[in-house]
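Participant: Below is a structure I'd like to ask you about.
The values are calculated or read from the model by the stated rules, or taken from the named source; none is laboratory data. All values reported here derive from a predicted model rather than from experimental measurement. Heads up, the Cβs are rebuilt from the backbone with ideal geometry, glycines too, and the neighbour counts pull from every protein chain shown. Side chains included, ligands, DNA and RNA excluded: accessible areas come from the protein's heavy atoms. Shrake-Rupley method; radii C 1.70, N 1.55, O 1.52, S 1.80 Å.
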Amino acid sequence: MTSQTGIIRSFNPVEKIGLITSDLGGDIRFDASQVCGQAQPSSGSMVEFSLDDSSNKLKAVKIRFI
C-alpha cells in the first residue's frame, strides 16, 4: 500500500461513504470506518491515506486528517 494525500470531495453521513480527490489526480472511494480518530469526514478536509487495491475496486484506507 502506498501513502497519498488529498482532499475529501464529498461524504454521505447516512451511507457513511465518500470520495477523496487525490493530489495525484483521480477520485478514490472511502468508507467512514477507515477514518482514524473521532472526527467525522467533511468536504474540504485535507487527509493522508493509503490505497488498498486488494479487491477489484481501488479504495482509500487508514485515513487521517492533516
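Participant: If you roll a 1.4 Å probe over the heavy atoms of the protein chains, what accessible area per residue do you get for the chain, in Å²? Don't skip to the answer; put the middle values down first.
Facilitator: Numbers: 4240 Å² over 66 residues.
Heavy-atom SASA per residue in the chain reads 64 Å².
Participant: In square nanometres, what is one fourth of the surface area of the convex hull spanned by the alpha carbons of the chain? Can you show the working numbers first?
Facilitator: Values: hull surface 16.4 nm².
Average of the hull's projected areas for the chain equals 4.1 nm².
Participant: DSSP loop trypsin sites (Lys or Arg not before Pro) in the chain with at most 10 other Cβ atoms within 10 Å of their Cβ, which ones?
Facilitator: On the way: sites: Arg9, Lys16, Arg29, Lys57, Lys59, Lys62, Arg64; in loops: Lys16, Lys57.
Within the chain, the qualifying trypsin sites (Lys or Arg not before Pro) (loop, at most 10 other Cβ atoms within 10 Å) are Lys57.
Participant: Normalised by the number of residues in the chain, what is the relative contact order in percent for Cα pairs under 8 Å and 6+ residues apart? Walk me through the numbers before you get to the answer.
Facilitator: Numbers: 147 pairs, mean separation 22.8, N = 66.
So the answer I get is 35 percent.
Participant: Mean-square fluctuation check for the chain, GNM, Cα pairs under 10 Å: which of Ser45, Ser22, Ser55 is largest?
Facilitator: Ser55
Participant: Continuing with this model, one more query. Report the residue, chosen from Val47, Val35, Val14, that carries the largest GNM mean-square fluctuation when the chain is represented by alpha-carbon nodes joined by springs under 10 Å.
Facilitator: So, out of Val47, Val35, Val14, the one fluctuating most is Val14.
Participant: In the stretch 1-63, carbon and sulfur make up what percent of the accessible area (probe 1.4 Å)? Could you put the intermediate results ahead of the total?
Facilitator: On the way: 1990 of 3960 Å².
For the stretch 1-63, the apolar C and S fraction of the accessible surface comes to 50 percent.
Participant: Sticking with this structure for a sec: Once the other residues with Cβ under 14 Å from the Cβ of Ala32 are scored (Lys, Arg +1; Asp, Glu -1), what is the net sum? Mind dumping the intermediate values first?
Facilitator: Working: positive: Lys16, Arg29, Lys59, Lys62, Arg64; negative: Glu15, Asp31.
So the surrounding residues net to +3.
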